[in-house]
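Peer 1: The following block contains the structure, expressed as structure tokens.
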Amino acid sequence: MKLVPRLVLAATLTLGLATVNAKYASAAIINYAFTVDSPVTKGNGFFSFDDSTFSNENNPVATINSLSLKFDGDSTIYTEKDDTKYPEFPLVFPTTLLTGQTSLALDYLFNDKSNPSSSISYEIIGDDFTIFSRTSPDAEPILGRVSYTQIPEPTPLIGTLFACSLGWMMKKKVTSMKKVRF
């Protein structure tokens, strides 16, 4: 009788850990969060794309399904439709960042919406963030950095939570059964 609860616990934990590292064969919507940081502005955003839409080129790219960026202290929200070459852009592409980490990154060029009379544009390419003037070619661009974090899918997290909860309940049941016997 002691073997059954232990087998159930082991199977549950194995299933839970397997769900964390599961790779799905079908296409999925991938979600990323990103931050931009420069000497003059900072901001946070997210984007999502369908990984089945990657092109079959040497440098594969996919178009963004949804993008949202908001600079700190500004109520303006920039979306994928603000890219100057929408709907062909913005794009996502695999890259190796300066940290040596492999990630997905953006190619996104958009104009300042918070001040329509401004000639300021913003550009994100990989982990580079640039602020520049469209009308003053001699103006010094402002450089910054972009960092990316993949947002985990909820399905593996829910599976792991379920497996851990089931394992915890089984352990509690085994512990209570031992107390009754003594």
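Peer 1: Residues of region 72-103 being more than 14 Å from D128 (Cα to Cα), in a loop (DSSP other than H, G, I, E, B) and open to solvent by 30 Å² or more (accessible area, probe 1.4 Å), which ones?
Peer 2: D72, G73, D74, S75, T84, K85, Y86, P87, E88, F89, G100, Q101, listed by residue number.
Peer 1: While we're on this one: Sort out which residues of region 59-85 are out of contact with any strand residue (DSSP E or B) (no Cβ under 7 Å at 6 or more places or on another chain) and among the acidic types (D, E), and write them in order of number.
Peer 2: D74, the sole residue that qualifies.
Peer 1: Being polar (S, T, N, Q), surrounded by 14 or more Cβ atoms within 10 Å (Cβ to Cβ) and touching a residue at least 40 places away in the same chain (Cβ under 8 Å) narrows it down to one residue among S114, S133, S147; which is it?
Peer 2: S147
Peer 1: Please determine whether any residue of region 149-162 is charged (D, E, K, R), out of contact with any helix residue (DSSP H, G or I) (no Cβ under 9 Å at 6 or more places or on another chain) and at pLDDT 90 or above.
Peer 2: Filtering region 149-162 for residues charged (D, E, K, R) gives 153.
The next check asks that each one be out of contact with any helix residue (DSSP H, G or I) (no Cβ under 9 Å at 6 or more places or on another chain); those that pass are 153.
Filter once more, so that each one left must be at pLDDT 90 or above: none.
No, the conditions are met nowhere in region 149-162.
The values are calculated or read from the model by the stated rules, or taken from the named source; none is laboratory data. Worth saying up front: this structure is predicted, and the values here are computed from it rather than measured. Ideal geometry is used to build each Cβ from the backbone, glycine not excepted, and the neighbour counts take in all protein chains shown. These area figures cover heavy atoms from the full protein model, side chains too; ligands, DNA and RNA do not enter into them. Shrake-Rupley method; radii C 1.70, N 1.55, O 1.52, S 1.80 Å.
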